[in-house]
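Engineer: Handing you a structure now.
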Amino acid sequence: MMSNPEINKSTNHSKITGNFGEFLLLYWLSKHGFECAHVDHVGLDLIARNPHSDELMGISVKSRSRDFASAGSYVSILNSELPKLKSACKTFRCKPYFAVVVDEPGSIWAFILSLPHLTKICPPRKEAISWRMSDECLKQYEEDRQIRTFRFKTETGNWWSKVPK
């Protein structure tokens with residue numbers, strides 16, 4: 001049974017969440033035979049060679065950390081990120097991909113899909129693409145053969161808590 005503890009995230013949690021998502025994805029790809037590297041380039045976080053297709057993938061990773069109050073909310077991908085990824089991928093001669101990593105109570109989700117498929121299933125709106133995280137959308141993503149997914153079920157065991165005064 002999952003409790004609803006109050007979580008006070010650190011002031012640097014957003015930066016740490018971004019790094020976590022990038023390195024989690026790097027680890028998972030490497031574990032599954034992808035030759036890959038973390039890069040520090042505008043619009044691009046990872047480059048990976050797919051061992052199944054020999055495709056060179058340029059991946060922009062978007063990571064979010066959600067608590068009980070924000071669980072299930074969408075991940076916004078700014079439209080301004082799309083040309084940055086395309087430009088970086090042109091430079092490195094790779095195909096543009098997005099990855100979305102979301103840490104929610106009880107699960108850490110990861111999704112990888114090509115930029116063309118992302119814009120097909122989540123058409124850009126005025127300022128951003130909304131990657132929805134509702135139960136219905138999660139089911140659709142898992143059934144979509146063009147979206148690669150993995151999920152960790154998480155549980156916090158014996159951990160620090162506030163001591164009553």
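Engineer: Separation between the ASP40 and ARG125 pseudo-spin-labels, each 7 Å from Cα along Cα→Cβ, expressed in nm?
Structural biologist: A separation of 3.5 nm, rounded to one decimal place.
Engineer: Kindly flag which residue pairs out of LYS15/LYS86; LYS126/LYS153; LYS62/LYS120; LYS15/LYS84; LYS9/LYS95 have an alpha-carbon separation exceeding 30 Å in this structure.
Structural biologist: Working: LYS15/LYS86 23 Å; LYS126/LYS153 34 Å; LYS62/LYS120 18 Å; LYS15/LYS84 20 Å; LYS9/LYS95 35 Å.
Pairs exceeding the cut-off: LYS126/LYS153; LYS9/LYS95.
Engineer: Quick one: putting +1 on the C-beta of Lys and Arg, -1 on the C-beta of Asp and Glu, what dipole do you get for region 31-104 around its Cα centre, in Debye to the nearest 20? Can you show the working numbers first?
Structural biologist: Numbers: 10 positive and 9 negative charges, 56 e Å.
With only Lys, Arg, Asp and Glu charged at Cβ, the dipole is about 260 debye.
Engineer: Moving to a separate point now. Out of the DSSP beta bridges found with both residues in the chain, what percent are antiparallel (nearest 5)? Each step should come with its number before you reach the end.
Structural biologist: On the way: 27 of 36 bridges.
Looking only at bridges with both residues in the chain, the antiparallel portion is about 75 percent.
Engineer: In debye to the nearest 20, how big a dipole does region 13-153 give about its Cα centre with +1 on each Lys and Arg Cβ and -1 on each Asp and Glu Cβ?
Structural biologist: On the way: 20 positive and 16 negative charges, 62 e Å.
It works out to roughly 300 debye.
Engineer: Moving to a separate point now. Multiply the residue gap between LEU78 and SER30 by 0.36 nm, knock off their C-alpha separation, and tell me the result in nm, one decimal place.
Structural biologist: Extending this stretch completely gives an extra 14.5 nm.
Engineer: Give the separation of the Cα centroids, region 39-82 to region 89-165, in Å.
Structural biologist: The distance from the Cα centre of region 39-82 to that of region 89-165 comes to 8 Å.
Engineer: Can you tell which of SER134, PRO83, HIS32 lies farthest toward the positive end of the dipole of region 13-153, using +1 and -1 charges on the Cβ of basic and acidic side chains (Lys, Arg; Asp, Glu)?
Structural biologist: Farthest along the dipole direction, towards plus: PRO83.
Engineer: 7 Å from Cα along Cα→Cβ at both GLU55 and PHE23: what's the point-to-point distance in nm?
Structural biologist: 2.8
Engineer: If you don't mind, another one. If you take the beta carbon distance between THR91 and ASN12 as r and set R0 to 30 Å, what does 1/(1 + (r/R0)^6) give as a FRET efficiency, to the nearest 0.05?
Structural biologist: Numbers: r = 30 Å, r/R0 = 1.00.
Efficiency for this residue pair is about 0.50.
Engineer: Given the DSSP H assignment, sum -39500 (n - 2.57) over each helix run of at least 4 residues in the chain and divide by its residue total; what's the result at 222 nm in deg cm²/dmol, nearest 500? Spell out each step's value before the answer.
Structural biologist: Working: 4 runs with 47 residues, N = 165.
Rounded to the nearest 500, the figure is -9000 deg cm²/dmol.
Engineer: Would you mind computing the Rg to Rh ratio of the chain from its alpha-carbon coordinates, Kirkwood style for Rh? Show your work: numbers first, answer last.
Structural biologist: On the way: Rg = 16.8 Å, Rh = 16.9 Å.
Result for the chain is an Rg/Rh of 0.99.
Engineer: Find how much the distance from GLN140 to HIS117 grows on full extension, using 0.36 nm per residue of separation minus their present alpha carbon separation; answer in nm with one decimal.
Structural biologist: Numbers: separation 23, 0.36 × 23 = 8.28 nm, distance 1.35 nm.
Length difference between fully extended and current span is 6.9 nm.
FYI, it's all coordinate maths here, none of it is from the lab. Just so we're clear, the structure is a prediction, and the values are computed from it rather than from any experiment. So basically every Cβ, Gly included, is an ideal-geometry build from the backbone, and we count neighbours across all protein chains shown.
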